[in-house]
């Protein structure tokens with residue numbers, strides 16, 4: 001089991017540029033979650049998918065953020081245009097379906113720095 | 001609604017000291033409870049879990065017991081090591097729910 005794979009591990013970009021973060025969940029997991037972690041706000045849920053369909057995107061900060069899951073093995077989180085306040089660590093996580101008592105499995109995150 | 005309240009940090013202990021990190025929860029159903037650990041520069045890793053009342057989860061010398069009567073899931077370790085320095089998160093997931101609810105995290109530093 002390779003675990004949840006995120007890329008890139010680090011991203012440094014200038015304000016106004018488009019940023020795309022990528023995630024490959026664990027095979028067979030029905031749920032995929034995107035989180036953001038900062039010192040000020042801690043761990044925040046941005047959006048989650050079930051069977052590739054977005055279920056709750058109420059945590060997405062604003063229209064500059066968008067997420068897609070074109071198939072069961074790939075998801076992207078895009079920020080366009082990026083701003084310095086978007087600097088954070090972004091985590092992708094996956095889990096089997098409900099009624100399983102299963103935990104959430106996290107990737108190692110993408111550290112985004114917007115200058 | 002569902003929520004997790006976790007002991008404020010940071011916590012600093014000497015090596016071989018006893019550790020307790022308090023966690024209490026509010027849930028409308030029958031949750032599973034988890035402790036995650038985050039080492040610097042890494043993602044959250046599952047440390048232990050318990051899926052029903054009175055279950056005890058354990059791993060790497062850490063333990064936590066699911067107490068329904070006090071809605072608590074406190075993390076304990078009898079003798080901490082420097083390598084245990086990390087941030088610890090308590091979390092819950094309802095059996096019929098899609099979401100996970102996390103505490104704010106407790107930073108632990110163990111000094112030699």
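The values are calculated or read from the model by the stated rules, or taken from the named source; none is laboratory data. Here the structure is a predicted model, which is why all the values come from computation and not from measurement. Heads up, the Cβs are rebuilt from the backbone with ideal geometry, glycines too, and the neighbour counts pull from every protein chain shown.
Taking the stated definitions as given, is residue B:99 modelled with pLDDT under 95 and within 13 Å of another protein chain (Cβ to nearest Cβ)?
Yes: the conditions hold for residue B:99.
For residue A:108, work out the one condition from (1) surrounded by fewer than 21 Cβ atoms within 10 Å (Cβ to Cβ); (2) assigned to a strand (DSSP E or B); (3) within 9 Å of another protein chain (Cβ to nearest Cβ); (4) touching a residue at least 40 places away in the same chain (Cβ under 8 Å) it doesn't fulfil.
Checking residue A:108 against (1) surrounded by fewer than 21 Cβ atoms within 10 Å (Cβ to Cβ); (2) assigned to a strand (DSSP E or B); (3) within 9 Å of another protein chain (Cβ to nearest Cβ); (4) touching a residue at least 40 places away in the same chain (Cβ under 8 Å), the one that fails is (2).
Would you list the strands (runs of 3 or more DSSP E) that sit entirely within region B:28-102 and hold 2 or more residues that are over 24 Å from residue B:1 (Cβ atoms)?
B:31-38, B:44-50, B:56-59, B:62-65, B:75-77, B:86-94
Quick one: is residue B:73 under 19 Å from residue A:109 (Cα atoms), under 15 Å from the mean Cα position of the chain (by Cα) and crowded, with 17+ Cβ neighbours inside 10 Å?
Answer is no for this residue.
Let's see how each residue does on (1) at pLDDT 95 or above; (2) more than 16 Å from residue A:17 (Cβ to Cβ):
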{"site": "A:55", "(1), (2)": "no, yes"}
{"site": "A:59", "(1), (2)": "no, yes"}
{"site": "A:64", "(1), (2)": "yes, no"}
{"site": "A:69", "(1), (2)": "yes, yes"}
{"site": "A:73", "(1), (2)": "yes, yes"}
{"site": "A:76", "(1), (2)": "yes, no"}
{"site": "A:80", "(1), (2)": "yes, no"}
{"site": "A:83", "(1), (2)": "yes, no"}
{"site": "A:91", "(1), (2)": "yes, yes"}
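I'd like to know if region B:13-23 contains one or more residues that are within 14 Å of chain A (Cβ to nearest Cβ), assigned to a strand (DSSP E or B), in contact (Cβ under 8 Å) with a residue 40 or more places away in the chain and closer than 21 Å to residue A:42 by Cβ.
No - not one qualifying residue is present in region B:13-23.
Considering (1) within 12 Å of chain A (Cβ to nearest Cβ); (2) crowded, with 20+ Cβ neighbours inside 10 Å; (3) within 26 Å of residue A:92 (Cα to Cα), say which one residue B:66 fails and leave the rest.
(3)
Which of the strands (runs of 3 or more DSSP E) found entirely inside region A:3-88 contain at least 1 residues meeting this: within 12 Å of chain B (Cβ to nearest Cβ)?
It comes to A:5-7, A:10-13, A:19-24, A:31-38, A:42-50, A:53-56.
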